[in-house]
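The block underneath contains the structure these notes are about, expressed in structure tokens.
A short reminder: the numbers here are calculations on the coordinates, not readings from a lab. As the structure is a computational prediction, the values presented were derived from the model and not from experiment. Heads up, the Cβs are rebuilt from the backbone with ideal geometry, glycines too, and the neighbour counts pull from every protein chain shown.
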Ligand code: SF4
């Protein structure tokens, strides 16, 4: 068994990323086999429970209200809509449902109460429940844990240095603070990033340093390839090459051996062979469903055919951690505190974000 290290340096990670590809693949696949069942891949379903109209200026995101994209926004879904979608996902082989809301941060009130009820409902379907709702306080994390949340997703997106080129409405340290708040509960941490936003290999390594030096390391790390959406500041970014994706997955696997590495956005542009190489390099989760929040994703039948071709099995729920016990709202130990935390607003200038927000459709 390789030991888990929390003292990785950027130089070490760059050296791994740049190894001859066959050496990199061999090392990553060996570590993967020491820590995971190599022919098992988790299928997760990502549900956009509240789409669009977000106040943030994340340069990659079509859900920002600042950019002129074709995204149709919607109000928060109802609990019964979410339950129906979760049941459909379960019958399609998903063991995890991740619910995403286009919010800067969670605000105590009826909408958060509704999300807590969604968490209770899905946990009772014996599926792993994950939420990605923006920044949360410690008390909000405790309320989610009590409802039965299994994982909280909060991506670092990129390195601390490059973060300033992507987002001006919040700081990198806010991301770390939310992860710390989640860590005060039994909820597992899901945090990763996006490649193909114009960042350098140093930035990719910088993001992995930030994740791998967390102690404990995140239980789950999604690696996304940018889907460049028209109208966003990153609409002209070049597609990520499969080799970059394979290198990023393999490097993530080597520096975080026990983590579930998630092959996330951008699979539509990957061949079946390219995805197979990512699985070999240590990816052991995919997102299923025609859409990934708002961007296209392979359909579940095609994914299942690929699994059959490769001899892969979908992972059962609660293999890594025990299923949380749901506490009903009426028995809750934690009340809404109505906090107004001071999440930062750096407000520095990112020219291309401003240009995109000024453009007419
Ligand atoms: S990534 Fe999240 S926080 Fe950023 S604009 Fe999109 S929905 Fe808002």
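Quickly estimate the mean residue ellipticity at 222 nm for the chain, helices only: each DSSP H run with n ≥ 4 gives -39500 (n - 2.57), and the total goes over all residues, rounded to 500.
One gets -11000 deg cm²/dmol as the mean residue ellipticity at 222 nm.
Write down the Å³ per residue value for the convex hull defined by the alpha carbon atoms of the chain.
Roughly 125 Å³ of hull volume per residue.
Sort 163-174, 230-241 by packing, meaning the average of other beta carbons within 10 Å per residue, with the highest value first.
Those peptides, ordered most packed to least, come out 163-174, 230-241.
Multiply the residue gap between residue 328 and residue 316 by 0.36 nm, knock off their C-alpha separation, and tell me the result in nm, one decimal place.
Extra length available between residue 328 and residue 316 comes to 1.8 nm.
Among 243, 103, 343, which one shows the biggest mean-square fluctuation in a GNM of the chain, springs joining Cα atoms closer than 10 Å?
Evaluated over the chain, the most mobile residue of the options is 243.
Rounded to the nearest 5, what % of the DSSP beta bridges within segment 204-325 are antiparallel ones?
20 percent
Any chance you could run the full-extension gain for residue 271 through residue 3? It's 0.36 nm times the residue separation minus the Cα-Cα distance, nm to one decimal.
Between residue 271 and residue 3, full extension yields 93.2 nm more.
What order do you get for 125-133, 249-257, 198-206 when each peptide is scored by the mean count of other beta carbon atoms within 10 Å, highest first?
Ranked by mean Cβ neighbours within 10 Å, highest first: 249-257, 125-133, 198-206.
Going by a ≥ b ≥ c, the root eigenvalues of the Cα gyration tensor, does segment 245-361 fall in the rounded group (a/c under 1.5), the prolate group (a/b larger than b/c) or the oblate group?
Cα axes put segment 245-361 in the oblate bin.
How would you rank 140-149, 3-12, highest first, on the average number of other Cβ atoms within 10 Å across their residues?
140-149, 3-12
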